[in-house]
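Contents: one structure, followed by commentary.
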Amino acid sequence: MNLKKMRTVTIANLGRENQVFVHVLGICSTLAVTNDLRNTLVMCLGLIFTTGLSNLTISALRSWIPQRVRMMVTTLIIAAYVIIVDIVLKATAPDISRQLGPYVGLIITNCIIMGRAEAFALTNRPLLSLVDGITAGIGYSWVLMVIAFLRELMGSGTVWGIAVLGDWWVKWSIMVMAPGAFFMLALFVWVVKGRFLRDEGGAK
Amino acid sequence: MSGRKPRSKGRERLFTVFFMFAVTVVFVAAVSAAHLFARDAIKRNESLFLKRSVLAAAGIAAPADGAAVEKLYADRVRAADGRHYRVLRHDGDAVYVFTRRGTGLWGPIDAHVGLDAALDRLTGVDFYAHGETPGLGARISEPWFTAQFRGKKGPFRPQPEGTGAADGRFDAVTGATVTTTAAGDIVNGVIADAPGIVGGGR
């Protein structure tokens, strides 16, 4: 039964209940870090780690967390994990850490983590919450990776820093700048919602 | 949550305070442990980053390997005082690398600027710390921007992107006028002050 629930949660997080293009959460980082695949992957791993562990911890503590300070407790727990991610990155991948700059620290304010903690971890068992956190993170990650792939390809003519489009390709500088992220994300949401989530269209 | 016995208001409050305190202690301890554990590695990375930056400003290509950078730096760089370094090049010439801070759009910009032995032409520039807008002002630390100063004679004036090839000219970053001006001011400031700094240090 538990396995079935985990499957349901996973499928929902990757598709119909996706945090980015259905709930439209975590958009700030979606816009900010997706101009380079490598940075995006590191950001995604950081987010998966944080959502998974914060969900697990909050769920394990859920029967003790006093109702009136629950936001303080969740923020504290999330912040602790994010700082650990930041420290580990600084120690092991200084270049990426420098490029991501403030965005790693800003994982704390990523609405997805707080959203999963509030909406899921406070009312579900720890293991299921861990699965939910990780899959919500993966749902966020695949969207970001697709956007980053397209932006890097069009904006710099490269994939993972390797030039794949030759000299004939005129680089669309706007794709690596902030406005490119808005265009890409909007197109992505349009295509996915219009093509695959049709039956639900306009329900909200 | 339903499994807990109802408590009196006072005890509930006390528990809340105690709980918050305990959770804080546990997580602050975890973060501190991570900090202590990674402190040396972070310090090493940061110093390596600065050493690479000094070498880049001197026009010396730094190797990818960390230990090789340390060795190269130890062999070639002599700190003269807090504000500049004397760097020996492969051809035996000494060049000077200066540290300078300028005012960017969002905060300070720190740079290493290298000048040749005659304090005449630039050997390299590296903007190693800044908080400029990613994709716009932050492009001053990209190779295309820093490389254009190498071998040129100052003082510098920014030109529209793609037209600043001559001595005393450099390509501005389109859409980042404040940052470009700051970068130009840093380089010009070093050129102006260099004789005084080097002369005073001798």
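If you take the residues in the stretch A:85-125 that are of a type in the set (S, T, N, Q) and assigned to a helix (DSSP H, G or I), which one is farthest from the other protein chains (Cβ to nearest Cβ)?
Of all residues in the stretch A:85-125, those of a type in the set (S, T, N, Q) come to A:92, A:97, A:99, A:109-110, A:123-124.
Okay, now just the ones that are also assigned to a helix (DSSP H, G or I), so A:92, A:97, A:99, A:109.
Numbers: A:Thr92: 7, A:Ser97: 9, A:Gln99: 8, A:Thr109: 17 Å.
Going through the qualifying residues, I end up with A:Thr109.
Please verify whether the stretch B:70-88 includes one or more residues that are in contact (Cβ under 8 Å) with a residue 60 or more places away in the chain, under 17 Å from the mean Cα position of the chain (by Cα) and more than 14 Å from every other protein chain (Cβ to nearest Cβ).
Yes - at least one qualifying residue is present in the stretch B:70-88.
Report whether or not B:Glu142 is free of Cβ contacts under 8 Å to residues at least 24 places away in the same chain, of a type outside the set (A, V, I, L, M, F, W, C) and within 14 Å of chain A (Cβ to nearest Cβ). Write out each step before concluding.
Values: free of Cβ contacts under 8 Å to residues at least 24 places away in the same chain: yes; of a type outside the set (A, V, I, L, M, F, W, C): yes; within 14 Å of chain A (Cβ to nearest Cβ): yes.
The answer is yes for B:Glu142.
Can you find, within the stretch B:3-17, the residue that is surrounded by the most Cβ atoms within 10 Å (Cβ to Cβ) among those that are modelled with pLDDT under 65 and facing another protein chain (nearest Cβ under 9 Å)?
This residue is B:Arg4.
Condition test on A:Glu152, is it closer than 30 Å to A:Ser59 by Cβ and in a helix (DSSP H, G or I)?
On the way: closer than 30 Å to A:Ser59 by Cβ: no; in a helix (DSSP H, G or I): yes.
No.
Give the residues of the stretch B:143-155 that are out of contact with any Leu (no Cβ under 9 Å at 6 or more places or on another chain) and of a type outside the set (Ser, Thr, Tyr), sorted by residue number. Before you say what the answer is, go through the steps one by one.
Step one: filter the stretch B:143-155 for residues out of contact with any Leu (no Cβ under 9 Å at 6 or more places or on another chain), giving B:143-148, B:155.
Hits for the stretch B:143-155 are B:Pro143, B:Trp144, B:Phe145, B:Ala147, B:Gln148, B:Pro155.
Taking only pairs six or more apart or across chains, which ones have beta-carbon atoms under 9 Å, a first residue in the stretch A:73-84 that is touching a residue at least 12 places away in the same chain (Cβ under 8 Å) and more than 8 Å from every other protein chain (Cβ to nearest Cβ), and a second residue that is of a type in the set (Asp, Glu) and surrounded by fewer than 22 Cβ atoms within 10 Å (Cβ to Cβ)?
These pairs meet every condition: A:Thr74/A:Glu118.
Identify all residues within the stretch A:116-172 that are among the polar types (S, T, N, Q), in contact (Cβ under 8 Å) with a residue 12 or more places away in the chain and surrounded by 15 or more Cβ atoms within 10 Å (Cβ to Cβ); write none if there are none. Give the steps one after another, and end with the answer.
Step one: filter the stretch A:116-172 for residues among the polar types (S, T, N, Q), giving A:123-124, A:129, A:135, A:141, A:156, A:158.
With in contact (Cβ under 8 Å) with a residue 12 or more places away in the chain added as a condition, the list becomes A:123-124, A:129, A:135, A:141, A:156.
Listed by number, the residues that qualify are A:Asn124, A:Ser129, A:Thr135, A:Ser141, A:Ser156.
Anything in the stretch A:133-177 that is within 22 Å of the chain's Cα centre (by Cα), among the β-branched types (Val, Ile, Thr) and farther than 30 Å from A:Ala117 by Cα? List them, or say none.
Across the stretch A:133-177, the qualifying residues are A:Val159, A:Val176.
Take the stretch B:34-63 and flag every residue that is over 19 Å from B:Tyr73 (Cα atoms) and more than 9 Å from chain A (Cβ to nearest Cβ).
B:Leu36
The values are calculated or read from the model by the stated rules, or taken from the named source; none is laboratory data. Predicted model only: the values in this text are computed from it and were never measured. Because the Cβ atoms are built from the backbone with ideal geometry, glycine has one as well, and the counts that use them run over all protein chains shown.
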